[in-house]
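Structure first, then comments.
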Amino acid sequence: MKIWTTPVSPDIISSIADQLKDLSDALFFDIETTGLSPKYHFCYLIGCCFFDGNTWQIQQFFCEKPEDEPDMLQAFYDFCSTYTTMISFNGCHFDLPFLDKRAKHYHIDTNLTKLHQIDIYREVQPLKKILSLPSCRQKSIEEFLGIFREDQYDGGQLIPVYDSYTKNADPEALHLLKLHNYEDVQGMLLLLPILSYKKIKDGLKITHISQPEETIDYLGNPSADLCLSGDLSEKLPKPIRINCDEMYCIFEEDHFRLSIHLYQGDLRYYIKDYKKYDYLIQEKRIVPKSLSKYVDKSQKEPATPQNCYLIQNGCFLALPHKYPYAQDVHHFCKDSSDKQEYMLYNEAICDAAFWTQYVTYLLEQIIR
């Protein structure tokens, strides 16, 4: 068994210093195996990255021959014993179960699955759409962030390389095996900025709210657009744009700008207690029964859920589906079958606190 320890480049550490500041007690790790099944294959290389109190180091445990696996596993588990958090890329699905089954094969005690786990792959999955990622593979995320590695192999391509090394100890083969794992582990550090996109909904600070600007939509109907801008709690590595029914957003570095479309015109407020009203047929309106009793019976009929409404003209804000923060305002819609609800736009109500809550809720739904 071989063990290599190599310091991480200070330039890399300085580029992600903000992301690493709360991870000094965490252990990053990645494994290389001879196949996907722990029943028929084994682990031949484990790489991990850690803070030793002064610098970040990458340590790699390597089996020079298959018989080294139990010693390598034991050495790695002993090394992990002082950590409470482990960080991996798809480790919860593959690396941890694989190591656990290999350890059981050798009757080695391990409690890695009991430690707090941060799986970058799982963290990025909800971001795939808003980041327009072709996949959530590590190399896809690296390409998004502008990270380009020297190693061009994947784990499957290196299985015959390892097999060849165990037979003739070729230095070039060893270099390829070591480099691939090293860059996988180091790459996890460089992926940390991608997690800042999960936090765009946290700590939003709206600094400017424009007056609604009246426009005409593509159908010739009057409408209005409201623009908001503000600051983010974290700096983003790359600008992104998010488009949904309620708003269009631009997030860039540590600030954001967004446009919210307001509906302008007539909407209906449906009265739930419709049995207290009558519908006047000729006038096409409702009145309380206390007044309609003076109207001829031929000119009225009992109100129904479909026609018991009041018409309101104004500027309206679309409410997200199941929006929980608009219980104390009237809900309007275009007709009784319309599932999209609106609230009447009111500057006194729609202040910075309201917009922070509204935008945060929308972002939570999108990221979720």
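The values are calculated or read from the model by the stated rules, or taken from the named source; none is laboratory data. Keep in mind that this is a model prediction, so the values were computed, not measured. Heads up, the Cβs are rebuilt from the backbone with ideal geometry, glycines too, and the neighbour counts pull from every protein chain shown.
Computed quantities for the displayed model
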quantity	calculated
Residue in the stretch 284-296 that is over 37 Å from the mean Cα position of the chain (by Cα) and assigned by TED's automatic domain parsing to the domain that holds Asp231 present	no
Filter result (surrounded by 15 or more Cβ atoms within 10 Å (Cβ to Cβ) and either over 27 Å from the mean Cα position of the chain (by Cα) or assigned by TED's automatic domain parsing to the domain that holds Ile130 (or both)) within the stretch 316-329	Phe316
Any hit, the stretch 227-235, residues being touching a helix residue (DSSP H, G or I) at 6+ places or on another chain (Cβ under 8 Å), charged (D, E, K, R) and outside the structural domain of Tyr40 (by TED's automatic domain parsing)	yes
Options Tyr358, Tyr263, Tyr279: the member that is over 29 Å from Leu204 (Cα atoms), crowded, with 18+ Cβ neighbours inside 10 Å and of a type outside the set (D, E, K, R)	Tyr279
Subset of the stretch 18-44 that is in a loop (DSSP other than H, G, I, E, B) and of a type in the set (A, V, I, L, M) - its residue that is farthest from Lys235 (Cα to Cα)	Leu36
Filter pass, Gly203 being in contact with a His (Cβ under 8 Å, 6 or more places away or on another chain) and small (Gly, Ala, Ser)	no
Residue within the stretch 257-264 that is over 22 Å from Ala318 (Cβ atoms) and either of a type in the set (Asp, Glu) or in the same structural domain as Glu214 (by TED's automatic domain parsing) (or both) present	no
Residue identified as more than 20 Å from the chain's Cα centre (by Cα) and surrounded by 17 or more Cβ atoms within 10 Å (Cβ to Cβ) among Glu64, Glu69, Glu150, Glu142	Glu69
Out of Thr207, Thr166, Thr113, sole residue that is touching a Pro at 6+ places or on another chain (Cβ under 9 Å) and either at pLDDT 90 or above or under 30 Å from Asp351 (Cα atoms) (or both)	Thr166
Strands (runs of 3 or more DSSP E) lying entirely in the stretch 196-253 (those with 1 or more residues that are surrounded by 18 or more Cβ atoms within 10 Å (Cβ to Cβ))	205-209, 222-231, 240-243, 247-252
Wholly within the stretch 53-162, helices (runs of 4 or more DSSP H) carrying at least 1 residues that are of a type in the set (S, T, N, Q)	69-80, 138-145
Contacts under 9 angstrom Cβ, first residue in the stretch 68-90 being under 16 Å from Glu32 (Cβ atoms), partner surrounded by 22 or more Cβ atoms within 10 Å (Cβ to Cβ) and hydroxyl-bearing (Ser, Thr, Tyr), 6 or more apart	Asp68/Tyr44; Glu69/Tyr44; Met72/Tyr44
Selection within the stretch 195-245 - in contact with a strand residue (DSSP E or B) (Cβ under 9 Å, 6 or more places away or on another chain) and among the basic types (Lys, Arg)	Lys205, Lys238, Arg241
Test for Gly47: is it closer than 30 Å to Lys235 by Cα, modelled with pLDDT of 95 or more and either not assigned by TED's automatic domain parsing to the domain that holds Leu190 or not hydrophobic (A, V, I, L, M, F, W, C) (or both)	yes
